[in-house]
Amino acid sequence: MRIFVSGSASHLARALLPRLCDDPAIESVLGLDIKPGWFEHPKYRHIQADLRDANLGPLLLGCNGLVHLAFVVLRGKTPVHMMRAINLEASQHLIEMAHSAGIERQVHLSSAAVYGGGMRIDETAPLRPIPGFLYGEHKAELEHWLTAHYPDVVRLRPHIILGPHAQPLLNTLLHQPFYVRLPDPQPLLQCVHEDDVAAAIVLALKQPATGAYNLAADDSFSFRDAIRTRHRMAVPIAPKLAGAALKLVWGMTGAGGEPGWMAGVHQSLTLNCSRALDELGWRPLHTSGDMLMR
């Protein structure tokens, strides 16, 4: 197989590229990212280019697998129209070009954020992302478009991705000595290790999979307990105060992501991942508890 990877300098790509290149069934990997390449391997070639402007036709020619990772997660001070141009318009153009190039195996990395909230929800649940959280809204909109136009594209929906190369904001949140004070029972979440997500991508590339697949470790946790495990004297903060602080920091510096995601701390989101188990043969090797302890 010859694989094209968009977003090849992303956090998840650091777990994925070595796995792809170590697979004897994969002949070559071509990566594209607006950032410089970091990975070196005889099978790998990196192209530094903006997905919005790249001449994709010649790059996709000869590939028979696509992994789409390129996406703006945290908007910062990026204008909304620019974030949309990357997350939706450029993504749609890539999928269309891959289809025109005859690439049969296409995997799009979506997110559990498309659901918004729910307990043990499976892939048939409606997509209701948190209003104002543009990352989740864009993922859901792109999924609706894929379902309508290219339903065979695999859409992986991982929960919070942790690991050595995790999004820095996640590590910051889990290490801070504060948590949002919420009434019991505490909202429950799950996470999934970057290596387990990379394994799911490879499995989806190598077999006739289609549609959406949830990805998460079996066990769940509350954000409060995750913080307390690290900080015995962790301080609870009122939701309004936490929201106001995030809004202030984001407005001044662009750090912390847009405030819309804060609404998610008030509700549970756990996934039923039996479809990935039954159809892909995917089994997470890391538990949420182990990941949080690390």
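The values are calculated or read from the model by the stated rules, or taken from the named source; none is laboratory data. Nothing here was measured: the structure is a model prediction, and the numbers come from that model. Methodologically, a virtual Cβ is constructed for each residue, glycine included, from the backbone with ideal geometry; neighbour enumeration extends over all protein chains shown.
Mind checking whether some residue in region 81-89 is under 30 Å from Leu248 (Cα atoms) and more than 20 Å from the chain's Cα centre (by Cα)?
Yes: region 81-89 contains one or more residues that are under 30 Å from Leu248 (Cα atoms) and more than 20 Å from the chain's Cα centre (by Cα).
Hey, among Leu66, Leu20, Leu30, Leu16, which residue is assigned to a strand (DSSP E or B), touching a residue at least 60 places away in the same chain (Cβ under 8 Å) and out of contact with any Ser or Thr (no Cβ under 7 Å at 6 or more places or on another chain)? Talk me through it step by step, then tell me what you get.
Values: Leu20 fails: assigned to a strand (DSSP E or B); Leu30 fails: touching a residue at least 60 places away in the same chain (Cβ under 8 Å); Leu16 fails: assigned to a strand (DSSP E or B).
So the residue among Leu66, Leu20, Leu30, Leu16 that is assigned to a strand (DSSP E or B), touching a residue at least 60 places away in the same chain (Cβ under 8 Å) and out of contact with any Ser or Thr (no Cβ under 7 Å at 6 or more places or on another chain) is Leu66.
What residue, of Leu203, Leu189, Leu134, Leu156, is among the aliphatic types (A, V, I, L, M) and surrounded by fewer than 21 Cβ atoms within 10 Å (Cβ to Cβ)? Lay out the reasoning, then the answer.
On the way: Leu189 fails: surrounded by fewer than 21 Cβ atoms within 10 Å (Cβ to Cβ); Leu134 fails: surrounded by fewer than 21 Cβ atoms within 10 Å (Cβ to Cβ); Leu156 fails: surrounded by fewer than 21 Cβ atoms within 10 Å (Cβ to Cβ).
It is Leu203.
Name the one entry in Ala125, Ala148 that is surrounded by fewer than 22 Cβ atoms within 10 Å (Cβ to Cβ), under 25 Å from Lys206 (Cα atoms) and free of Cβ contacts under 8 Å to residues at least 24 places away in the same chain. Can you show your working first?
Values: Ala125 fails: under 25 Å from Lys206 (Cα atoms).
Result of the check over Ala125, Ala148: Ala148.
Specify which of the listed residues (Ile161, Ile227) is buried (at least 21 other Cβ atoms within 10 Å of the Cβ), over 13 Å from the mean Cα position of the chain (by Cα) and within 22 Å of Thr270 (Cβ to Cβ).
Working: Ile161 fails: over 13 Å from the mean Cα position of the chain (by Cα).
Just one listed residue meets the conditions, Ile227.
What is the number of the single condition among (1) under 21 Å from the mean Cα position of the chain (by Cα); (2) surrounded by 16 or more Cβ atoms within 10 Å (Cβ to Cβ); (3) in a loop (DSSP other than H, G, I, E, B) that Trp38 does not meet?
Against the list (1) under 21 Å from the mean Cα position of the chain (by Cα); (2) surrounded by 16 or more Cβ atoms within 10 Å (Cβ to Cβ); (3) in a loop (DSSP other than H, G, I, E, B), Trp38 comes up short only on (2).
Within region 131-159, work out how many residues are touching an Asp or Glu at 6+ places or on another chain (Cβ under 9 Å) and of a type in the set (Lys, Arg).
Looking only at that region, the number is 2.
If I ask for residues that are of a type in the set (Phe, Trp, Tyr) and at positive phi, which ones from region 86-125 would you list?
Keep residues of region 86-125 that are of a type in the set (Phe, Trp, Tyr), which gives 115.
Selection gives nothing.
Go through Arg120, Arg105 for me and flag whichever is basic (Lys, Arg), surrounded by fewer than 17 Cβ atoms within 10 Å (Cβ to Cβ) and in contact (Cβ under 8 Å) with a residue 40 or more places away in the chain.
Being basic (Lys, Arg), surrounded by fewer than 17 Cβ atoms within 10 Å (Cβ to Cβ) and in contact (Cβ under 8 Å) with a residue 40 or more places away in the chain holds for just one of Arg120, Arg105, which is Arg120.
Name the pairs: first residue in region 228-240 and more than 10 Å from Phe178 (Cα to Cα) and assigned to a helix (DSSP H, G or I), second residue at pLDDT 85 or above and not small (Gly, Ala, Ser), Cβ to Cβ under 6 Å, at least 6 apart or on different chains?
Correct list of pairs: Pro239/Val180.
Just one of the numbered conditions (1) surrounded by fewer than 21 Cβ atoms within 10 Å (Cβ to Cβ); (2) modelled with pLDDT of 95 or more is not true of His175; which one?
It fails just one condition, (2).
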